[in-house]
Structure formats: C-alpha cells, structure tokens
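The values are calculated or read from the model by the stated rules, or taken from the named source; none is laboratory data. As the structure is a prediction and not an experimental result, all values here were calculated from the model. A quick note on method: Cβ atoms are made from the backbone with ideal geometry, for glycine too, and the neighbour counts reach across all protein chains shown. Heavy atoms of the whole protein, side chains included, go into the accessibility calculation; ligands, DNA and RNA do not. Shrake-Rupley method; radii C 1.70, N 1.55, O 1.52, S 1.80 Å.
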Amino acid sequence: MRTTLKALGALLTYPTAELRAALPEVAAALNDEGALDRTHLRAIEALVADIAGQDPLDAEEAYVGLFDRGRYTSLNLFEHLHGESRDRGPAMVDLKMTYERAGFRLDARQLPDYLPVLLEFLSLRPPAEAREMLSDCAHILRSLGESLRDRGSPYHAVPAALLSLAGEQGLGARREVPAAPEKSIDEEWMDSEVVFGPGAAAECSSARKPASVVRFMPRPT
C-alpha cells in the first residue's frame with residue numbers, strides 16, 4: 001500500500017518532464033504492489049496513457065486549467081471545507097503539527113493540505129493509520145473524484161483508487177456538468193460552503209466520533 005500511495009500522489013503532481021519520464025515506473029510499481037484491483041488499475045493506466053500521450057505543453061496547460069482554476073477540483077483539501085474562512089488556518093496548523101510529530105517536514109513552499117503531500121506522508125505511515133486518515137477525508141475525495149469524472153478527466157481514477165484503499169464507498173452516480181464555463185475561483189468563494197451529499201447534516205451533528213490522526217470533518221458515530 002505504501003508504494004501505491006506514493007505513486008498515486010506522484011500522478012497528481014504537475015506533469016513535468018521528470019514525471020513524464022517516470023510514468024512507466026509509476027505504472028509498474030502500482031501493478032507490482034497489487035494494492036488495487038484490476039478495475040482501478042485499468043483506470044490508472046488510462047490516466048498514465050493520457051498524460052504520456054499529450055504534447056508536454058498541452059498536458060501542463062490542461063493540468064493548470066483543471067486543478068488551479070476551480071474550487072471543486074482543487075487538490076488543496078481544506079479549500080473544499082473552509083474556502084478562505086478563518087477555520088482554514090487552524091486546520092492547516094493542526095495538520096502540519098500531525099506531520100511534524102511523525103518526523104515529516106514540509107518544504108517552506110508546500111501546503112499541508114495539498115493532496116500529493118498528504119499521500120507522501122501516508123506512504124510513510126503504518127497501513128492502518130493511512131487507511132484511517134484517508135477515511136477521514138473520504139467525503140472530500142469522493143466529491144473531488146466526481147467533479148473530475150463529470151468533467152471527463154481521467155484524473156478521477158486517483159480519488160477513486162484512494163477510496164478503494166480506505167475501504168470506503170466509491171464515486172456516486174454521474175452528474176451533468178452545465179455547458180456554461182466554470183466560474184472563476186474568486187466567484188466560487190462567494191458561494192455558500194460546499195455540502196457533500198445527504199449525510200452532510202449528520203456530519204455536523206453533536207454526536208461525533210473521537211478524533212483520530214487528524215479530522216478533516218466530524219463523522220457520525
């Protein structure tokens with residue numbers, strides 16, 4: 001599982017020449033470890049083929065357009081929960097402290113809630129702890145995966161694979177994406193906070209499970 005987490009995190013990073021050169025190695029590592037079933041491996045293979053098959057500049061432009069210009073496909077997990085509210089700062093500090101207690105130091109330019117950073121950290125932790133932490137943020141991973149899938153992006157394979165590793169329910173039913181262009185990220189922050197599915201009210205109830213490694217959102221008992 002550790003190699004799989006590290007490989008999936010790498011696939012979510014900016015498609016540099018170095019990453020593109022390493023794609024065969026990444027795909028081989030995922031196959032060799034065997035942590036994912038054949039369905040998820042095929043979806044990951046399609047993503048690898050898509051990145052490798054694009055012109056490098058096109059791949060980079062598509063990546064920026066997908067992950068850096070929309071709230072619902074952001075790889076910064078706390079943006080899905082807190083946006084730019086005051087709650088995001090303490091959540092970032094708590095997560096960074098979780099890393100530091102485990103001896104995991106961030107580069108000064110790295111944000112602790114950036115999904116590839118989280119996966120790098122989890123690849124160094126015991127599998128049970130990694131699964132629990134993925135389960136904590138399953139609702140975010142599911143929303144991210146569904147948003148990517150509904151936009152026709154093969155990157156949806158990564159959140160789907162992470163949900164499988166956590167033993168959580170996979171992506172929900174496909175939704176229609178409006179033909180109108182996505183609002184700018186500044187406009188999106190003006191909207192109300194994202195609610196993830198019909199269980200959102202229960203997520204915010206007073207009956208809460210004790211905190212585990214780090215709590216991305218309270219989960220019902």
Quick check on the stretch 16-28. Is at least one of its residues modelled with pLDDT of 95 or more, open to solvent by less than 70 Å² (accessible area, probe 1.4 Å) and in a loop (DSSP other than H, G, I, E, B)? yes
Can you name the number of the only condition in (1) more than 20 Å from L119 (Cα to Cα); (2) in a helix (DSSP H, G or I); (3) open to solvent by 60 Å² or more (accessible area, probe 1.4 Å); (4) of a type outside the set (F, W, Y) that A59 fails? (3)
When the stretch 138-165 is checked residue by residue, the ones that are open to solvent by 20 Å² or more (accessible area, probe 1.4 Å) and either of a type in the set (K, R) or more than 19 Å from G70 (Cα to Cα) (or both) are R142, R149, R151, S164
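Taking the stretch 68-88 as the search range and keeping residues that are surrounded by fewer than 16 Cβ atoms within 10 Å (Cβ to Cβ) and modelled with pLDDT of 75 or more, which one is farthest from the chain's Cα centre (by Cα)?
Ranking the candidates gives R69 first.
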Confirm whether V93 is loosely packed, with under 13 Cβ neighbours inside 10 Å and of a type in the set (A, V, I, L, M, F, W, C). yes
Could you go through the stretch 105-114 and let me know if any residue there is within 16 Å of M133 (Cβ to Cβ) and not in a loop (DSSP other than H, G, I, E, B). yes
Checked T3, T39 against criteria (in contact with an Asp or Glu (Cβ under 6 Å, 6 or more places away or on another chain), assigned to a helix (DSSP H, G or I), β-branched (V, I, T) and more than 18 Å from E61 (Cα to Cα)); the one match is T3
Looking for whichever is under 25 Å from R151 (Cα atoms), in contact with a Leu (Cβ under 9 Å, 6 or more places away or on another chain), modelled with pLDDT of 95 or more and not polar (S, T, N, Q) here; the options are L118, L41. Which one fits? L41
Suppose we keep only residues that are in a loop (DSSP other than H, G, I, E, B) and among the acidic types (D, E) within the stretch 155-187. Which one would you say is modelled with the lowest pLDDT? E182
Only one of A28, A35, A17, A21 that is within 20 Å of V158 (Cβ to Cβ) and in contact (Cβ under 8 Å) with a residue 24 or more places away in the chain: A35
How many residues of the stretch 109-119 are under 15 Å from T3 (Cα atoms) and open to solvent by 60 Å² or more (accessible area, probe 1.4 Å)? The answer is 0
For G53, state whether it is open to solvent by less than 40 Å² (accessible area, probe 1.4 Å), of a type outside the set (K, R) and on the phi < 0 side of the Ramachandran plot. no
